[in-house]
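The values are calculated or read from the model by the stated rules, or taken from the named source; none is laboratory data. For clarity, every value in this text was computed on a predicted model and none was experimentally measured. No Cβ is skipped: glycine too gets one built from the backbone with ideal geometry, and neighbour counts run over all protein chains shown. The accessibility values were calculated without ligands, DNA or RNA, using every heavy atom of the protein model including side chains. Shrake-Rupley method; radii C 1.70, N 1.55, O 1.52, S 1.80 Å.
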Amino acid sequence: MVTVRKFILRNLDVIQADLSVPVLIQTIRRLTKEKVQMASEVSSMLRNQVAERASAKEKAIILQPELDSRTRRLETEKNELQSVLEKELDRRSSDWSLKLKKYQIEQHRLRERERELAEQNVSLQREVSSFNEKEVDNRIKMSFSEKPLEDLSKRMEQVSEENQNLRQQFTQLQAEYRVAQENRDYVRENY
């Protein structure tokens, strides 16, 4: 339609310039011929467009099952992947929850241990202070007890000697007792 209007507008100048009857008839024939030719071209273009649309429609009909198949396959893959990802997310979430819980338990245990160690530290400091006081007392006592210590050392040597003698006597008595038992058993067997 746009082409016909351009053609008419282009030839309108020629028509207005020469208005004689033979020229007009010739122009009308020429215009009619061009109009028929243009109609033929437009008809050919329309047929080509219809054929292209029909071809495209056939291709679409042929490709639609493949497209549907691919769509279903992609949908299935998407669902499977989503399922796998959800499972992995659940597993990791569970793992991290367990790790967080373990960490919190360990943190609580360490705080308790820290409190216990602080209490032990205070207790040990008291004990060290007490030991220092006792050490000072013991040094004072030791300075006053050197003489009794010497006496005790001598007495201990004596007691040790007596103890040694008693052990020897005990060993002898055990040996005599064994001999006496053997004699008694021998006498019993004979009678």
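Each row is one residue, and each column tells you yes or no for (1) of a type outside the set (Ser, Thr, Tyr); (2) at pLDDT 90 or above; (3) surrounded by fewer than 10 Cβ atoms within 10 Å (Cβ to Cβ).
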{"residue": "8", "(1), (2), (3)": "yes, no, no"}
{"residue": "15", "(1), (2), (3)": "yes, no, no"}
{"residue": "22", "(1), (2), (3)": "yes, no, yes"}
{"residue": "26", "(1), (2), (3)": "yes, no, no"}
{"residue": "50", "(1), (2), (3)": "yes, yes, no"}
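Total residues in the range 87-118 satisfying the condition of being open to solvent by 100 Å² or more (accessible area, probe 1.4 Å) and either of a type in the set (Asp, Glu) or in contact (Cβ under 8 Å) with a residue 24 or more places away in the chain (or both): the figure is 2.
Look through 72, 30 and report the one residue that is free of Cβ contacts under 8 Å to residues at least 60 places away in the same chain, open to solvent by 100 Å² or more (accessible area, probe 1.4 Å) and assigned to a helix (DSSP H, G or I). Even if it seems obvious, please write down each step before you answer.
Values: 30 fails: open to solvent by 100 Å² or more (accessible area, probe 1.4 Å).
Just a single option satisfies the conditions, and that option is 72.
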